[in-house]
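Accompanying notes for the structure given below.
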Amino acid sequence: MIWDRKIECASRDEMHKIQSTRLNAMVERIYKHVPFYTKKLDEKGIKPGDITDVSQLQYLPFTEKNDLRDNYPFGLFTVPQEEIVRIHASSGTTGKPTVVGYTKHDIDIWTEVVARSLTMAHIGKHDILQIAYGYGLFTGGLGLHYGAERVGASVIPISGGNTAKQITLLEDFKSTVLACTPSYAAYLGEAIKKNQINPKHIALKTGVFGAEPWTEELRNEIQQLLSIEAFDIYGLSEVIGPGVSMECKHHCGNHIFEDHFIPEIIDPETLEVLPYGEIGELVFTPVSKEAMPLLRYRTRDLTRLHAETCACGRTLVRMEKCLGRSDDMLIIRGVNVFPSQIESILLEIPETSPHYLLIVSREKNLDSLEIQVEIAEAYWSDEIKDLENIRKKISNAVSSILGLTASIKIVEPQSIARSEGKAKRVIDNRKI
Ligand code: DLL
């Protein structure tokens, strides 16, 4: 159990002191060692010693994904290559991948924050943890791995995919915790049901799911399918990987490990810092990392922060479940829609399954949205009338809740392609 009460239950003043000291040292380091930041800080007339308090964060320049690409591969590293012990990368959709490096000390911090995360879900040495996040350049597998060992769990590094083997190990090794993307958890749950595995042979009790947006409705679905308690873990490779924040047993937002990653919410248009409680873009300044600390990294994730003490006793600022990424927002005939809003609507309807695809097209300058949705196995019918009734139900819900007319296409169970990692929910033909 790794619960650093002195830090996780610190008063706001104590936390600000820790953050201020670390920020001051970090700005000095990057000014000295990273020409990109020397230039950015000089442009703003900021000298390293000027930043003595975390309240001055708002005056510092932002860093964006493109800055990482422009400095590909190692241009933002603060330390010589001899000190780098690990390199990860995230592929993204276009261009070069974004590369992140870690020193031994950075791996220790990562291990610590993932261990603190797993402790929030009461995961420890009595657990057998099946890690079905991908191992490799993606940070999910290895990120979870070290923290899970630190809390003393027995780790099964099975990596993503190979559903038949996942189920065999769940049965034979009696895994108590499953870590993977929520979409893969839903798929695995369905596969267990379809293969008529005796639920008594499965010992799972906890899920650690993240790496993609997922709704409360999907949580309920997965919890029922797998008879587990599902926890949200959030992170991004540029900041460290999984373990930037995690939910505790009270499930009221993810606690951010703000002693290492200082969060802000900004208005993505004006770039002004917004107060707690307001929705905007999440920005992180990882202050204690050695190899690649970043100033005010713009995540593009939209959420809001809360600073009230949680019932678990932790004072760490909490972030709500991400609504989605600003670049995933669809604008269809002037209506702004996030895939997560459609997911919520679909999963409120019992006849649907958690597998859907949004296809956006443009014809004669007019945008249209098609929602392909799989029907739950139990409701699949040969009667056109039955399917038509379900289709109408979905169509009415989408238009009354989102004010959007979408064409609904009901598809057979198991027909939408499954992903072993992050699910692909949207095909935007307008961008092709
Ligand atoms: O997805 C790290 C990770 C691995 C997190 C395993 C949790 C579990 P990237 O590939 O760099 O890193 O993608 C980061 O994924 O900016 C969010 O848009 C999204 N994301 C990650 N976790 C969540 C979550 C990993 N819990 C990007 N809820 C982030 C919603 C999430 N979105």
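All but one of (1) closer than 29 Å to D106 by Cα; (2) within 16 Å of the ligand (Cβ to nearest atom) hold for E216; which doesn't?
Checking E216 against (1) closer than 29 Å to D106 by Cα; (2) within 16 Å of the ligand (Cβ to nearest atom), the one that fails is (1).
Of everything in segment 79-119, what is outside any strand (DSSP E or B), in contact with a His (Cβ under 7 Å, 6 or more places away or on another chain) and crowded, with 23+ Cβ neighbours inside 10 Å? Give them in sequence order.
Across segment 79-119, the qualifying residue is only V113.
Quick one: in segment 125-144, which of the residues that are out of contact with any Leu (no Cβ under 9 Å at 6 or more places or on another chain) and under 17 Å from P242 (Cβ atoms) is nearest to the ligand (Cβ to nearest atom)? Please lay out each step first, then the result.
Going through segment 125-144, the residues out of contact with any Leu (no Cβ under 9 Å at 6 or more places or on another chain) turn out to be 125-126, 128, 134, 137-138, 140-143.
When the remaining residues are screened for being under 17 Å from P242 (Cβ atoms), the result is 134, 137-138, 140-143.
Working: G134: 9, L137: 9, F138: 6, G140: 4, G141: 8, L142: 10, G143: 6 Å.
Checking each candidate, the answer is G140.
Among the residues of segment 308-322, is any crowded, with 21+ Cβ neighbours inside 10 Å, at pLDDT below 95 and not aromatic (F, W, Y)?
yes
I'd like to know if segment 355-367 contains one or more residues that are within 15 Å of the ligand (Cβ to nearest atom), in contact (Cβ under 8 Å) with a residue 12 or more places away in the chain and buried (at least 20 other Cβ atoms within 10 Å of the Cβ).
Taking every residue of segment 355-367 in turn, none turns out to be within 15 Å of the ligand (Cβ to nearest atom), in contact (Cβ under 8 Å) with a residue 12 or more places away in the chain and buried (at least 20 other Cβ atoms within 10 Å of the Cβ).
How many of the residues in segment 150-184 are away from the ligand (no atom under 16 Å from the Cβ), in a helix (DSSP H, G or I), over 10 Å from Q130 (Cβ atoms) and not basic (K, R)?
Matching residues across segment 150-184 total 6.
Output the number of the condition that A121 fails; it satisfies all remaining conditions of (1) modelled with pLDDT under 95; (2) in contact with a Cys (Cβ under 9 Å, 6 or more places away or on another chain); (3) small (G, A, S).
A121 satisfies all of (1) modelled with pLDDT under 95; (2) in contact with a Cys (Cβ under 9 Å, 6 or more places away or on another chain); (3) small (G, A, S) except (1).
Can you tell me which of I266, I202, I233 is modelled with pLDDT of 95 or more, assigned by TED's automatic domain parsing to the domain that holds L302 and within 23 Å of R116 (Cβ to Cβ)?
When all the criteria are applied, what remains is I233.
Go through A417, A397 for me and flag whichever is under 25 Å from N195 (Cα atoms) and either within 16 Å of the ligand (Cβ to nearest atom) or of a type in the set (G, A, S) (or both). I'd like the intermediate steps shown before the answer.
Working: A397 fails: under 25 Å from N195 (Cα atoms).
Answer to the check: A417.
Assuming I2 fulfils every condition listed in (1) surrounded by 14 or more Cβ atoms within 10 Å (Cβ to Cβ); (2) modelled with pLDDT under 95; (3) assigned to a helix (DSSP H, G or I); (4) of a type outside the set (D, E) apart from one, which condition is it?
Result: I2 passes all but (3).
State which residue is farthest from H16 (Cα to Cα) when the search covers only segment 306-327 and only residues that are within 16 Å of the ligand (Cβ to nearest atom) and of a type in the set (D, E).
Result: D327.
So how many residues does segment 47-78 have that are surrounded by fewer than 16 Cβ atoms within 10 Å (Cβ to Cβ) and among the β-branched types (V, I, T)?
Matching residues across segment 47-78 total 1.
Look at I233 and say whether it is more than 13 Å from A211 (Cβ to Cβ), of a type outside the set (D, E), buried (at least 22 other Cβ atoms within 10 Å of the Cβ) and within 14 Å of the ligand (Cβ to nearest atom).
Details: more than 13 Å from A211 (Cβ to Cβ): no; of a type outside the set (D, E): yes; buried (at least 22 other Cβ atoms within 10 Å of the Cβ): yes; within 14 Å of the ligand (Cβ to nearest atom): yes.
For I233, the condition - more than 13 Å from A211 (Cβ to Cβ), of a type outside the set (D, E), buried (at least 22 other Cβ atoms within 10 Å of the Cβ) and within 14 Å of the ligand (Cβ to nearest atom) - is not met.
Need the failing condition index for I256 against (1) crowded, with 23+ Cβ neighbours inside 10 Å; (2) within 15 Å of the ligand (Cβ to nearest atom), just the number.
Tallying (1) crowded, with 23+ Cβ neighbours inside 10 Å; (2) within 15 Å of the ligand (Cβ to nearest atom), I256 fails exactly one: (1).
The values are calculated or read from the model by the stated rules, or taken from the named source; none is laboratory data. Everything quoted here is computed from the prediction, not taken from an experiment. We place every Cβ from the backbone using ideal geometry, glycine too, and count neighbours over all the protein chains shown.
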